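J.: This is the structure I want to talk about, given as structure tokens.
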Amino acid sequence: MLGASSRGYEIILIDDGGPAENWSAIEDLASGKPEVRGVRLSRNFGQHQAIAAGFDHADGDITVVMDCDLQDPPEDIPALVSAIRDGAEVAVGFRRTDPASAVRRTMNTAYYRGLSILAGCEIEPNQGTFSAITRPVSDAYRSLGDLDRPYRLVLQWLGFKTIKVPFDRNDRDSGRSSYSFGKLLQLAVGGIAFQSTRLLLLATVAGVFFSAIALLLGLAIGLLAIFGHPAEGWASTIVVVLFLGGLNLLAIGVHGVYLGKVFHQVRGRPLYVVAETVNHEPPELPAGPGRPSDKTS
């Protein structure tokens, strides 16, 4: 994360519970360079919590968010900052090319198309976290009390003036993404639950629809029995029972997702816990749900 202000610039590196050598590298980079700041979280809280930690520790008038794998090219940062200086409040990188596999791109597009339908707003599949925002936007982001705050969806919800800045994404030089299929699925479900409650409506509509079908089938079977043609066969009955039982469990699961989010929110735990910082003291922030906690300094 990089911030720009009248005093110059600052680079904020967030260690979200990575290997020990990550923090050692951050300390080496920050040694003798006050413009480089490091924040080590006590464990892995997740990408979006790490972004929130960066905002909480940033002092700049413009803040640039980017991942550490450098697939989002640092040389395109000036284009994002220029868009802000030209009047935008949010400048988001729009990927013209993406070296990800065709399967992953297809899944990504399908997810965001589905999310756009559920959320009732257009969400571009070719945008990531690579972006620049003004101080009022970062303050608005920090003011949220949500424990789940997917960065892109929060920017969409905040509604500030946004400009898309095209760029070409790089190949990953080394390593691999820490997002497994399970984590991506969890992120997708969390994003849908954050942005919309239409899943609950869909579960209700499905329940009404299949209840109506069951009623019509019951009437049809009754009429057939009256006219001497009773329905026979157990296979079709078992299939219907299994189908409706699976649908019922799916609806319960959907309600459970939202109930689980309520459970996590009402516990009032902090969004993240800071274990250690370098070249910067943790900011003073009010306590409450979604606010950070400083373990040590």
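Bear in mind that the values in this text are calculations on the coordinates, not laboratory data. Just so it is clear, the model here is predicted, and its values are computed rather than measured. We place every Cβ from the backbone using ideal geometry, glycine too, and count neighbours over all the protein chains shown.
J.: Looking at the square roots a ≥ b ≥ c of the eigenvalues of the Cα gyration tensor of segment 74-125, which shape do they give, rounded for a/c under 1.5, prolate if a/b is larger than b/c, or oblate? Working shown, then result.
T.: On the way: a/c = 5.27, a/b = 1.48, b/c = 3.55.
Because a/c hits 1.5 or more and a/b fails to exceed b/c, segment 74-125 counts as oblate.
J.: Taking θ = phi - 60°, what integer Hz values does the Karplus form 6.51 cos²θ - 1.76 cosθ + 1.60 yield along segment 12-26, in sequence order, with x for Gly and Pro?
T.: 3J(HN,Hα) across segment 12-26, in whole Hz: 10, 9, 9, 9, 8, x, x, x, 4, 5, 4, 5, 4, 5, 5.
J.: For segment 138-147, in order, what is each residue's ³J(HN,Hα) by Karplus, 6.51 cos²θ - 1.76 cosθ + 1.60 with θ = phi - 60°, in whole Hz (x at glycine and Pro)?
T.: Rounded to whole hertz, the list is 5, 5, 5, 4, 5, 6, 5, x, 6, 6.
J.: Highest first, please rank the peptides 26-39, 202-215, 47-60 by the mean number of other Cβ atoms sitting within 10 Å of their residues.
T.: Values: 26-39: 16.6, 202-215: 12.6, 47-60: 21.6.
Listed from highest to lowest mean packing, they are 47-60, 26-39, 202-215.
J.: How far apart, in nm, are two points set 7 Å out from the Cα along the Cα-to-Cβ line at Asn22 and at Ser116?
T.: In this crude label model, Asn22 to Ser116 measures out at 3.2 nm.
J.: Which residue, chosen from Ala102, Val65, Val81, occupies the Cα position most advanced towards the positive end of the dipole of segment 49-104, where the dipole is computed from +1 (Lys, Arg) and -1 (Asp, Glu) charges on Cβ about the Cα centre?
T.: In segment 49-104, that residue is Ala102.
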